[in-house]
Amino acid sequence: MNIFNRILALLFLLLLLALAVGTFGLSVGLLSANAFGRASQYAPLHHALGDLGHLHPQIAKITTVAVAVVVAILAAFLLALEVRSPRREKELILSRDRQGEVAIGYSTLRKIAEKVSLGEADVSRARCRVSSRKESLWVKCDVTANPFADANHVGTEIETTLRNRLEHTVGKPVEHIRVKVELAEPGDRVRVR
Amino acid sequence: MLYAVDIEVELAALIRDVALRTRGVLAISSGIGYKEATYGPGVTIEGVAVTIDSGHVKTNVHIVVAEAPIPELSLRLRRGIQKVLRRDGRTRPGRINVYVDDMELTALSVPARQTV
């Protein structure tokens, strides 16, 4: 999400939170319509706000309060997520200079890592994650191999191939590769080539 | 009379053609997570964003490539774009940003799966 969309999301969530808190305050009698200052001088709005303070029957009041609380909690939670969560980079910058920058999507790097892993004999499933630290790449792969495969051999083969393939493609060193090989249970469905 | 926006669209089309002729480039992508394009009256050049600032052309190109070393490929692409902009003559090449949005891994393709 770019900065403009994030600002829009923040404004929307703040507005939602304010509306929910206002509705809650009016419904339980903590706030009166006059608390909204000049806005409440607009007659239809003043009546609407006043009505919120005198909800009948009781079930309508309980429902309004409950909905307001749920919306407020949800808005506050999403607001906290939006403000606090660090955004994951979508692209790895391979070079940046006066001429411009060259970048490759992390999704593409992940795709390469998974294809390389699946290209090894005996591997039936692979899930990889590629990240960068300083000027090098870190790769983590969880693979599932056929039940009778040599897990150690499969892991080493994947590590070597993956390192060569990624370094050749992006021109950056791969500092750390962790391949976790899990053997499928005998009887599981096996990929045959 | 040509307006800046017309020139941008023309240059974006030229750059797109150069990119597609560059060895290793398979297609133009419209961007990851967001769409980048050059817009003109009735025409949109997707995947190539061109902005002219003080006579310099800033270019963002989004590409799908075959498996190849990216640094060399981007160098080839940049040279091609710079060449075509110089030949055009109306502007000077500025920053050229190359974004590899996807890679076709034909050599690594996994055979069709069968289960027993």
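The values are calculated or read from the model by the stated rules, or taken from the named source; none is laboratory data. Just so it is clear, the model here is predicted, and its values are computed rather than measured. Every residue, glycine among them, receives a Cβ derived from its backbone with ideal geometry; neighbour counts consider all protein chains shown. Keep in mind that these areas ignore ligands, DNA and RNA; they rest on the heavy atoms of the full protein, side chains included. Shrake-Rupley method; radii C 1.70, N 1.55, O 1.52, S 1.80 Å.
Of all residues in region A:161-180, those satisfying the criterion of being open to solvent by 60 Å² or more (accessible area, probe 1.4 Å), within 14 Å of chain B (Cβ to nearest Cβ) and closer than 20 Å to A:Val123 by Cβ are A:Asn164, A:Arg165. Note on region B:16-98: enclosed strands (runs of 3 or more DSSP E) holding 2 or more residues that are touching a residue at least 24 places away in the same chain (Cβ under 8 Å), in contact with a helix residue (DSSP H, G or I) (Cβ under 8 Å, 6 or more places away or on another chain) and hydroxyl-bearing (Ser, Thr, Tyr) are B:37-40. The single condition among (1) within 30 Å of the chain's Cα centre (by Cα); (2) open to solvent by 70 Å² or more (accessible area, probe 1.4 Å) that A:Asp51 does not satisfy is (1). Of the residues making up region A:79-93, those that are open to solvent by 50 Å² or more (accessible area, probe 1.4 Å) and either at the interface with chain B (Cβ under 9 Å from one of its Cβ atoms) or under 30 Å from A:Phe148 (Cβ atoms) (or both) number 1. Of the residues that sit in region B:7-35 and are of a type in the set (S, T, N, Q) and under 15 Å from B:Asp102 (Cα atoms), which one is surrounded by the fewest Cβ atoms within 10 Å (Cβ to Cβ)? Here the answer is B:Ser30. Would you confirm, using the coordinates I've provided, whether A:Leu26 is surrounded by 19 or more Cβ atoms within 10 Å (Cβ to Cβ), modelled with pLDDT under 90, more than 14 Å from chain B (Cβ to nearest Cβ) and on the phi < 0 side of the Ramachandran plot? Yes; evaluated as a whole, the condition is true for this residue.
The residue list B:Thr59, B:Thr38, B:Thr106 contains one member that is of a type in the set (Ser, Thr, Tyr), under 28 Å from A:His168 (Cβ atoms) and surrounded by 18 or more Cβ atoms within 10 Å (Cβ to Cβ), which is B:Thr59.
A:Ala151 meets all of the listed conditions (1) without any contact (Cβ under 8 Å) to a residue 40 or more places away in the chain; (2) within 11 Å of another protein chain (Cβ to nearest Cβ) but one, namely (2). Scanning region B:43-82 for residues that are under 14 Å from the mean Cα position of the chain (by Cα) and of a type in the set (D, E, K, R) gives B:Glu46, B:Lys58, B:Arg76, B:Arg78, B:Arg79.
Within region B:41-55, the set of residues being among the small types (Gly, Ala, Ser) and surrounded by fewer than 17 Cβ atoms within 10 Å (Cβ to Cβ) comprises B:Gly42, B:Ser54, B:Gly55. Screening region A:105-147 for residues that are over 12 Å from A:Val179 (Cα atoms) and among the acidic types (Asp, Glu) and picking the one that is nearest to the other protein chains (Cβ to nearest Cβ) gives A:Glu120.
Listed by position, the helices (runs of 4 or more DSSP H) inside region A:41-137 whose residues that are more than 30 Å from B:Leu75 (Cα to Cα) and not β-branched (Val, Ile, Thr) number at least 3 are A:43-53, A:58-84. State whether the residues of region A:146-153 include one that is closer than 25 Å to A:Lys172 by Cβ, buried (at least 17 other Cβ atoms within 10 Å of the Cβ) and out of contact with any Cys (no Cβ under 7 Å at 6 or more places or on another chain). No; the residues of region A:146-153 include none that is closer than 25 Å to A:Lys172 by Cβ, buried (at least 17 other Cβ atoms within 10 Å of the Cβ) and out of contact with any Cys (no Cβ under 7 Å at 6 or more places or on another chain). Annotation: of all residues in region B:99-115 being at pLDDT 50 or above and either more than 15 Å from A:Leu118 (Cα to Cα) or in a strand (DSSP E or B) (or both), the one that is farthest from the other protein chains (Cβ to nearest Cβ) is B:Glu104.
Consider region A:94-104 and keep the residues that are more than 7 Å from chain B (Cβ to nearest Cβ) and over 16 Å from A:Lys134 (Cβ atoms). The one that is farthest from the chain's Cα centre (by Cα) is A:Arg98.
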